[in-house]
1. Specify which of the listed residues (A:ASP76, A:ASP148, A:ASP114, A:ASP124) is within 27 Å of A:MET213 (Cα to Cα), at pLDDT below 95 and either acidic (Asp, Glu) or not assigned by TED's automatic domain parsing to the domain that holds A:ARG202 (or both).
2. In this structure, is A:LEU77 within 12 Å of another protein chain (Cβ to nearest Cβ), on the phi < 0 side of the Ramachandran plot and open to solvent by less than 10 Å² (accessible area, probe 1.4 Å)?
3. Given the structure, is A:ARG218 in contact with a Ser or Thr (Cβ under 9 Å, 6 or more places away or on another chain), within 14 Å of chain B (Cβ to nearest Cβ) and among the basic types (Lys, Arg)?
4. Going through region B:253-303 one residue at a time, which ones are surrounded by fewer than 21 Cβ atoms within 10 Å (Cβ to Cβ) and in a loop (DSSP other than H, G, I, E, B)?
5. Among B:ALA252, B:ALA271, B:ALA280, which is on the phi < 0 side of the Ramachandran plot, in contact with a Lys or Arg (Cβ under 9 Å, 6 or more places away or on another chain) and assigned by TED's automatic domain parsing to the domain that holds B:ILE164?
6. For region B:160-188: of the residues being among the hydrophobic types (A, V, I, L, M, F, W, C) and modelled with pLDDT of 95 or more, which is farthest from B:LEU310 (Cα to Cα)?
7. Do the conditions hold for A:GLY160, that is, is it open to solvent by less than 20 Å² (accessible area, probe 1.4 Å), in contact (Cβ under 8 Å) with a residue 60 or more places away in the chain, part of a loop (DSSP other than H, G, I, E, B) and more than 28 Å from A:LEU258 (Cα to Cα)?
8. Could you check how many residues of region B:290-304 are touching a Pro at 6+ places or on another chain (Cβ under 7 Å) and more than 17 Å from B:MET213 (Cα to Cα)?
There are 2 protein chains.
Amino acid sequence: MELIHLGHGSGGRMMHQLVREYIAPAFAMTSLNDSALLGDMPPGRIAVTTDSYVISPIFFPGGDIGLLSVCGTVNDLAVSGARPLYLTAGFIIEEGFPLSDLKKILGSMSAAADRIGVKIIAGDTKVVDRGKADRIFINTAGIGVVEDGVDISPLNIRPGDRVILSGPVGRHGISVMAERNGISFDPPVLSDVWPLNRLTQRMLATTKSIRVMRDPTRGGVATTLKELANDSGLCITIQEDQVEVPGGVRGACDLLGLDPLYIANEGILIAIVERDKADALVEEMRRDEAGRSAVIIGEVTEAPARTVLLKTALGGIRIVDMLAGDQLPRIC
Amino acid sequence: MELIHLGHGSGGRMMHQLVREYIAPAFAMTSLNDSALLGDMPPGRIAVTTDSYVISPIFFPGGDIGLLSVCGTVNDLAVSGARPLYLTAGFIIEEGFPLSDLKKILGSMSAAADRIGVKIIAGDTKVVDRGKADRIFINTAGIGVVEDGVDISPLNIRPGDRVILSGPVGRHGISVMAERNGISFDPPVLSDVWPLNRLTQRMLATTKSIRVMRDPTRGGVATTLKELANDSGLCITIQEDQVEVPGGVRGACDLLGLDPLYIANEGILIAIVERDKADALVEEMRRDEAGRSAVIIGEVTEAPARTVLLKTALGGIRIVDMLAGDQLPRIC
């Protein structure tokens, strides 16, 4: 089995060979130079984001770190209202990492980028000594364009607005946790890792007056809602029985004492929209693969300020706060 | 001493606090959201680059990983002919890393960005378990603009062109190596880590017909020249006695059996230009702090193709090739 050596990250012939034979062919790179020139940009404001992926394990039911590193950054752009166009990719690889695994990860990234319609245009590879990294870390930065008239911000949220959730919660975090701990469910819980850019473009084509969109990754739906309540200064109330929790996620959470609202997702979004537009938007979202089970889960009110309330199925009301840390570390 | 905990990277309250109290204030971030919108871009083509910094040790004579992560990416843009405008920053931090060190690194980044005139507009922080990273890794991606009329490419190199080196070689690699191994020189060898964007903008204001510029980082001057010879299909011959090797670098190299031409630099560049423009360009470069000791070190000929030749001080000729790996790993 061929393995990564320190020399693969050192600027010499081994590194050139690694980039030429493995990395550049997987992506749209026209040269191995350090900077890439973008083609003409469509009109609009340019949006930029970055994310590092340190997930353990790197292969999990439903995806791998490569797919995640493309979808995660594309989704950050998508929920900001941008059309994703370009990605950069920086690899930090531990000495001794199998080249066959690198090839698989690069293949996932390349296939995801093709499907999404983004180009990976610049890359960097560093190799660190054995024991100085956990197999492979990937950073991607994303560049996209926000069309004129789109204005996505929690400051736009108003009392009366409706809260939409695009799909079931908890699949990514539970699938990673299961793989990490050697637990298996029947049927298996697959990560929901999936690009959201088609869904968000469809939503923006329906109405440009979406107040805000967010993908509830680290910290889950609860943390994202709490961020939105804090940033808007308003109160968000959701109906517990409107939030779809898949059977496998529910079972794992019951067993392990986890709350599905805090589990990471990688293929769903929360949108807050004007009351009058909510029903039509949900209908339109359901036409997209990533929004099949979109549903209104709650609404925005004036008070209590900066608060998230959960109406339980039994009619109780519970305050939803951020966790101090997280239930499950390193799930993205 | 306050330390980084796993919870700082998990999306919950601890992470929000870390970002709000440490990371966002150091940079130009207007929000803690995932995507940033750029201001109006000046006319020209957009250039993009990315680099991960895994240097060990993270503090070294003349700089630290923070300064390096800003200058390195700025320099990649600068030598591609771009004016650097924006950076993103992704942090991977090992559990137990002192918050005071993080603060120092963020301060270096912020000060460097201010001095250079770039904005750090988007960030990401991940925390990994103790032993799963080497203290801190930083990825930066850079966005800049290349003015119309600037065309930097090794394909533009022609026989007769002159090769310019902007300053002395080997300081970064030797300073890091010394720090890593507890060796001290008197006077100490300081890293040359420094932004090159003012120098390259000055050069492009003098003549837009610069064929190519490169910063000889990993693999040093020798590797960069070999890349340029390969990419252009031509021969580059340099005069050994024109390449300035500082006394401390020379001493360290003699002692340890290293070749200064292969040692990493972080504050110099190689430029290849038309013969007739070389003298005037060197004169102009010397007016800039980063180009004080710019000098013509060689020339380009037709044959032997894809070859770098070194004329030694004693009149011999030696073929310069890439190393397989590198003399010193993890110097950037």
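1. Answer to the selection: A:ASP148.
2. yes
3. Against the criterion (in contact with a Ser or Thr (Cβ under 9 Å, 6 or more places away or on another chain), within 14 Å of chain B (Cβ to nearest Cβ) and among the basic types (Lys, Arg)), A:ARG218 qualifies.
4. Of everything in region B:253-303, those that are surrounded by fewer than 21 Cβ atoms within 10 Å (Cβ to Cβ) and in a loop (DSSP other than H, G, I, E, B) turn out to be B:GLY257, B:LEU258, B:ASP259, B:GLU274, B:ARG286, B:ARG287, B:ASP288, B:ARG292, B:SER293, B:GLU302, B:ALA303.
5. Details: B:ALA252 fails: in contact with a Lys or Arg (Cβ under 9 Å, 6 or more places away or on another chain); B:ALA280 fails: in contact with a Lys or Arg (Cβ under 9 Å, 6 or more places away or on another chain).
None of the other options fit; the residue is B:ALA271.
6. Of everything passing the filter in region B:160-188, B:VAL176 is farthest from B:LEU310 (Cα to Cα).
7. yes
8. As a first pass, look at region B:290-304 and keep what is touching a Pro at 6+ places or on another chain (Cβ under 7 Å): B:293, B:300-302.
Of the ones still in play, those that are also more than 17 Å from B:MET213 (Cα to Cα) are B:301-302.
So the answer is 2.
The values are calculated or read from the model by the stated rules, or taken from the named source; none is laboratory data. Source: prediction; values computed, not measured. Heads up, the Cβs are rebuilt from the backbone with ideal geometry, glycines too, and the neighbour counts pull from every protein chain shown. Ligands, DNA and RNA are excluded from the accessible area calculation, which covers all protein heavy atoms including side chains. Shrake-Rupley method; radii C 1.70, N 1.55, O 1.52, S 1.80 Å.
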